[in-house]
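Please read the structure below before turning to the comments.
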Amino acid sequence: MTFKLVGIAGSFSRPSKTHALVRAVADLAASEYGLASAVYDLHDVGRSLGTAQWRKDLDAQALRIIDEIVAADAVVIGSPTYKGSYPGLFKHLIDLIDPHELRAKPILITATGGGDRHALMVEHQLRPLFGFFMAHTLPTAVYASDRDFTDYRVSSEPLSQRIAAAVGELATFVPSRRHALAAAE
Ligand SMILES: Cc1cc2nc3c(=O)[nH]c(=O)nc-3n(C[C@H](O)[C@H](O)[C@H](O)COP(=O)(O)O)c2cc1C
């Protein structure tokens with residue numbers, strides 16, 4: 001069975017730096033490990049998210065995306081920084097996921113912000129959130145600021161290197177790579 005990675009960008013901007021970052025991570029993981037990937041943003045989730053009190057209130061499209069996230073073998077989270085943290089609507093999406101549904105799932109954390117001032121939001125906001133779910137957040141989190149992008153594409157070498165480091169940490173969760181790593185020990 002193909003290993004499936006799902007990326008979710010907690011942004012409703014289009015074009016979006018957060019979406020571009022999640023896409024870059026997913027594309028590298030897909031080429032590195034031959035896995036299947038899909039990337040969504042809050043536009044894909046749609047308007048029912050804003051008025052849903054419970055998961056059953058979501059429309060079919062939003063439900064399908066949440067189902068894909070919880071069924072994924074690995075998840076890439078991307079969040080823009082709003083007022084030093086993740087946007088409320090993105091948190092609302094995560095609030096509609098049951099605690100056990102992300103347990104032990106590998107999660108690669110990414111975020112974007114206007115500058116470097118809130119670079120630690122990946123560690124101080126996003127990592128504890130997925131710690132609550134007892135997910136396997138990968139050790140390297142990726143934060144990118146405006147200057148890491150050109151025309152909404154990843155363009156800085158340090159960011160590319162950090163993406164590669166984070167994607168490398170996914171290897172132990174990809175069955176074909178895990179077997180190769182074990183054989184090499
Ligand atoms: C409402 C709002 C609040 C923001 N607050 C911050 C902030 O606290 N720190 C920061 O570095 N950038 C902040 N920004 C800038 C965004 O995080 C940044 O432009 C981000 O890359 C946008 O992602 P997107 O292109 O996916 O929408 C804010 C932007 C908006 C719209």
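Miscellaneous remarks
- Taking the range 125-185 and the helices (runs of 4 or more DSSP H) fully enclosed by it, the elements with 1 or more residues that are within 27 Å of G114 (Cβ to Cβ) and modelled with pLDDT of 95 or more are at 127-132, 157-168.
- Meets criteria (surrounded by fewer than 21 Cβ atoms within 10 Å (Cβ to Cβ), away from the ligand (no atom under 16 Å from the Cβ) and within 26 Å of D146 (Cβ to Cβ)) for L35: no
- Pairs, first closer than 18 Å to I69 by Cα in the range 39-54, second surrounded by 14 or more Cβ atoms within 10 Å (Cβ to Cβ) and aromatic (F, W, Y), C-beta under 9 Å, six or more apart: D41/F12; L42/F12; L42/F90; H43/F12; V45/F12
- Considering residues of the range 66-86 that are farther than 14 Å from A26 by Cα and away from the ligand (no atom under 14 Å from the Cβ) only, the residue surrounded by the most Cβ atoms within 10 Å (Cβ to Cβ): I66
- Pair list, Cβ under 8 Å, 6 or more apart: the range 101-130 residue over 17 Å from L159 (Cβ atoms), other residue loosely packed, with under 14 Cβ neighbours inside 10 Å: L102/M134; R103/M134; A104/M134; Q125/G84
- Index of the failed condition, A144 passing every other in (1) surrounded by fewer than 19 Cβ atoms within 10 Å (Cβ to Cβ); (2) touching a residue at least 60 places away in the same chain (Cβ under 8 Å): (1)
- The condition of being under 30 Å from D59 (Cβ atoms) and either within 14 Å of the ligand (Cβ to nearest atom) or touching an Asp or Glu at 6+ places or on another chain (Cβ under 9 Å) (or both) holds for L89.
The values are calculated or read from the model by the stated rules, or taken from the named source; none is laboratory data. In this text the structure is predicted, and so the values were computed from the model without any measurement. Reconstructed Cβ throughout: ideal geometry from the backbone, glycine too, with neighbour counts over all protein chains shown.
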